[in-house]
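The structure appears below as structure tokens.
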Amino acid sequence: MSYLNKIDIQLVEIPVMHLVSVRKMVWKFEMAEQYTCYFNSILRKIQHDKLIVNAPPMMLHHNDEFTDLGLDIEFAVPVEQFVTGTRDFCPGLCLKTTLCGGYSNLPSIYANYAKQYEWAEQNGYENNGLIYEVYITDFTETSNENEIVTEIYYPVKKK
């Protein structure tokens, strides 16, 4: 668990975002396939509607753990315009960690979540919204897992 000591946590304020998104129940073993499918669908809609992407793609977690139905995931891309078919997402104050490396090392992803939760508890904060991941590097565009960068956000408020 020495990895936990190397995780840097930042307290950041995230402004309102306009999202083009698709929310689906997804099985863990389908995640890579669904990631590609739904983000391609979202990007087609963005091109069709002539919207301007202003941040990397992200995934919002609507449940904390896998259920018999899978994970409740919202695939989303932030855009500049608020138009029909977009929605506002207001994360506000968040704990942010950065994960460098591939998703094949799932313990490191869960370690980031655990470290954020631990930090929040120790510093008088509690969860205040959906945990989400921002994909700084698109894993479909590189074959080198070490080049993948993911930011993990945990919305919080003071207790």
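Would you confirm, using the coordinates I've provided, whether D72 is open to solvent by 80 Å² or more (accessible area, probe 1.4 Å) and modelled with pLDDT under 95?
No; evaluated as a whole, the condition is false for this residue.
So, of the residues in segment 1-14 that are of a type in the set (V, I, T) and in a strand (DSSP E or B), which turns out to be surrounded by the fewest Cβ atoms within 10 Å (Cβ to Cβ)?
Of the residues in segment 1-14, the ones of a type in the set (V, I, T) are 7, 9, 12, 14.
Among the residues that remain, those that are also in a strand (DSSP E or B) are: 12, 14.
Details: V12: 13, I14: 17.
Once the filter is applied, the top-ranked residue is V12.
Answer with yes or no whether P57 is touching a helix residue (DSSP H, G or I) at 6+ places or on another chain (Cβ under 8 Å) and at pLDDT 95 or above. Step through it out loud before you land on a result.
Details: touching a helix residue (DSSP H, G or I) at 6+ places or on another chain (Cβ under 8 Å): yes; at pLDDT 95 or above: yes.
Against the criterion (touching a helix residue (DSSP H, G or I) at 6+ places or on another chain (Cβ under 8 Å) and at pLDDT 95 or above), P57 qualifies.
Got a number for residues in segment 87-111 being open to solvent by less than 70 Å² (accessible area, probe 1.4 Å), modelled with pLDDT under 95 and either in a strand (DSSP E or B) or farther than 20 Å from E74 by Cα (or both)?
So the answer is 7.
In segment 141-159, what residues are assigned to a loop (DSSP other than H, G, I, E, B) and under 16 Å from L11 (Cα atoms)? So that I can check it myself, show each step before the final result.
Initially, segment 141-159 is screened for residues assigned to a loop (DSSP other than H, G, I, E, B), giving 142-144, 148, 159.
Answer for segment 141-159, where residues must be assigned to a loop (DSSP other than H, G, I, E, B) and under 16 Å from L11 (Cα atoms): just K159.
When V83 is evaluated against the numbered criteria (1) within 16 Å of the chain's Cα centre (by Cα); (2) β-branched (V, I, T); (3) modelled with pLDDT under 95, which criterion, by number, is the only one it fails?
Answer for V83: the failing condition is (1).
Go through segment 15-64 residue by residue and tally those that are in a helix (DSSP H, G or I), closer than 20 Å to V79 by Cβ and free of Cβ contacts under 8 Å to residues at least 24 places away in the same chain. Full working, then the answer.
Kept after step one, since they are in a helix (DSSP H, G or I), are these residues of segment 15-64: 28-48.
Then keep just the ones that are closer than 20 Å to V79 by Cβ; that gives 35-48.
Among the residues that remain, those that are also free of Cβ contacts under 8 Å to residues at least 24 places away in the same chain are: 37, 40-41, 44, 47-48.
The total comes to 6.
The values are calculated or read from the model by the stated rules, or taken from the named source; none is laboratory data. What you are looking at is a predicted structure, and each value in this text was computed from that prediction instead of being measured. So basically every Cβ, Gly included, is an ideal-geometry build from the backbone, and we count neighbours across all protein chains shown. The accessibility values were calculated without ligands, DNA or RNA, using every heavy atom of the protein model including side chains. Shrake-Rupley method; radii C 1.70, N 1.55, O 1.52, S 1.80 Å.
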